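J.: Input: one structure, supplied below.
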Amino acid sequence: MTSETTKTTAKDRIRARGKKDPRAPKRALSAYMYYSQDHRARVRQANPDASFSETGRILGNEWRSLSDVDRQPYVERAARDKSRADAEMDAYEARNADD
DNA sequence: CTTTTGATTGTTGCC
DNA sequence: GGCAACAATCAAAAG
């Protein structure tokens, strides 16, 4: 029951508790984001009839089929962006502390 | 301290 | 321009 049920995710942006982070920095991309950038076209070629929803579903299916080593390059990119996000986090924390 | 969840990232296609 | 499933990620709030 902690999964979907009401699909209460960022899509709604309900902010039930309200925005805690005054100036929350944009977090790093996930490995899947980079996977989409690289395989999005390939899946579209493999599934020319598939719409966005189908393509995304297939992409996720393929992604889950990937091994850790296969995810390595994508996770590495995600980790690289994480470094970028980490810098933003530093500034964000600094703002929270100072401001 | 542990768990949950809320927020965010990028893609394409439709309205 | 925003939102739809897809997966990940992570920081903060709640317990």
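J.: Per residue, how big is the convex hull of region A:31-98 when only Cα atoms are used? Give it in Å³. Provide the component values of the computation, followed by the final result.
T.: Working: hull volume 6.8 nm³, N = 68.
In region A:31-98, the Cα hull volume divided by residue count equals 100 Å³.
J.: Compare the Cα positions of A:Tyr92, A:Tyr74, A:Gly60 along the charge dipole of region A:59-99 (+1 at Cβ of Lys, Arg; -1 at Cβ of Asp, Glu; about the Cα centre) and return the one farthest towards the positive end.
T.: Sorting the options by dipole projection puts first A:Gly60.
Read the figures in this text as sums done on the coordinates, not as results from a lab. Keep in mind it's a predicted model, so treat the numbers as computed, not measured. Methodologically, a virtual Cβ is constructed for each residue, glycine included, from the backbone with ideal geometry; neighbour enumeration extends over all protein chains shown.
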